[in-house]
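The values are calculated or read from the model by the stated rules, or taken from the named source; none is laboratory data. Predicted, not measured: the structure shown is a model, and the values here were computed from it. So basically every Cβ, Gly included, is an ideal-geometry build from the backbone, and we count neighbours across all protein chains shown. We work out accessible area using only protein heavy atoms, side chains counted, and drop any ligands, DNA or RNA first. Shrake-Rupley method; radii C 1.70, N 1.55, O 1.52, S 1.80 Å.
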Amino acid sequence: MSAILFRASSIGRLMPEPKTKKEGILSVGARTFIRSLVAQDIFGINFEISSRPMEKGILCEQEGIELVNRVRGLSLAKNTKRIRDDFITGECDLWDEPRREGRDIKCAWSAATFPILPDDAFDREYEWQMRAYMRLWDAPRWHVDYVLISTPPHLIGFEPIAMHFFDHLPEAHRVTTWTVERDAELEARMIEKVSAAREYYAQVVAEFDATHPYATEDAGEPHAAS
């Protein structure tokens, strides 16, 4: 079995520090997440449940890119290239080749969830996702652009309409950018965690195979599931 590559978007789930030395390098939560990944791979099912904020992010991504381009004076197009190395894989939103830096677009669900200051935009899991991108694209920094895009009407539900329509606002007020700078020490820590996660993933697969034998039609003898 080839070693698993962890997606950039999942790295943050591996990074929390254990509460006790007995846990080892991976926290209880990280191990639970890895077992969930194994289960998804075994059963061929994606456990991620869609939500209205997630649907908005997908539907409004291009509008968000266009807004960031106008406000930041850029002309970037959606990236469709997935990059991988020996540990991680990722497909970023935007890659600015002349500046050698990337951008990630986050569509706020409503006015109430839009960060008005960069400090409000900080998110630990997103930070690690950006650090994974910086490693893959060999970039010195990565920007996270939170955008305030009007919500498609069919997603709003019973919330006040005013919380979801923003076309009347100045465009410069509808983009908050948070920047992550590359850090070699944190990147090394990330790879250490990923390496441990790969070992644990393989361990879980082996344990599943050992505890779930099945008989082949030919031999009639149990063997490990592949």
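Would you be able to say whether some residue in region 180-189 is open to solvent by less than 70 Å² (accessible area, probe 1.4 Å) and in contact with a Gly (Cβ under 9 Å, 6 or more places away or on another chain)? Checked region 180-189: no residue is open to solvent by less than 70 Å² (accessible area, probe 1.4 Å) and in contact with a Gly (Cβ under 9 Å, 6 or more places away or on another chain).
Listed here are the residues, each with its yes/no results for (1) surrounded by fewer than 19 Cβ atoms within 10 Å (Cβ to Cβ); (2) at positive phi; (3) under 14 Å from the mean Cα position of the chain (by Cα); (4) among the basic types (Lys, Arg).
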position	(1), (2), (3), (4)
88	no, no, yes, no
97	yes, no, no, no
108	no, no, no, no
118	yes, no, no, no
151	no, no, no, no
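When residue 47 is tested against (1) assigned to a loop (DSSP other than H, G, I, E, B); (2) at pLDDT 95 or above; (3) of a type in the set (A, V, I, L, M, F, W, C); (4) over 19 Å from residue 135 (Cβ atoms), only condition (2) is not met.
Residue 139 passes every criterion in (1) in a helix (DSSP H, G or I); (2) open to solvent by less than 20 Å² (accessible area, probe 1.4 Å); (3) out of contact with any Cys (no Cβ under 7 Å at 6 or more places or on another chain) apart from (1). Among the conditions (1) open to solvent by 40 Å² or more (accessible area, probe 1.4 Å); (2) in contact (Cβ under 8 Å) with a residue 24 or more places away in the chain; (3) more than 30 Å from residue 158 (Cβ to Cβ); (4) not hydrophobic (A, V, I, L, M, F, W, C), residue 52 misses just one, which is (3).
Considering only region 124-136, state which residues are surrounded by fewer than 19 Cβ atoms within 10 Å (Cβ to Cβ) and either free of Cβ contacts under 8 Å to residues at least 12 places away in the same chain or among the basic types (Lys, Arg) (or both). Result: 124, single match. For region 153-175, state whether one or more residues are open to solvent by 50 Å² or more (accessible area, probe 1.4 Å), touching a strand residue (DSSP E or B) at 6+ places or on another chain (Cβ under 6 Å) and not charged (D, E, K, R). No, the conditions are met nowhere in region 153-175. For region 10-27, the tally of residues that are assigned to a helix (DSSP H, G or I) and either surrounded by fewer than 11 Cβ atoms within 10 Å (Cβ to Cβ) or modelled with pLDDT of 95 or more (or both) stands at 6.
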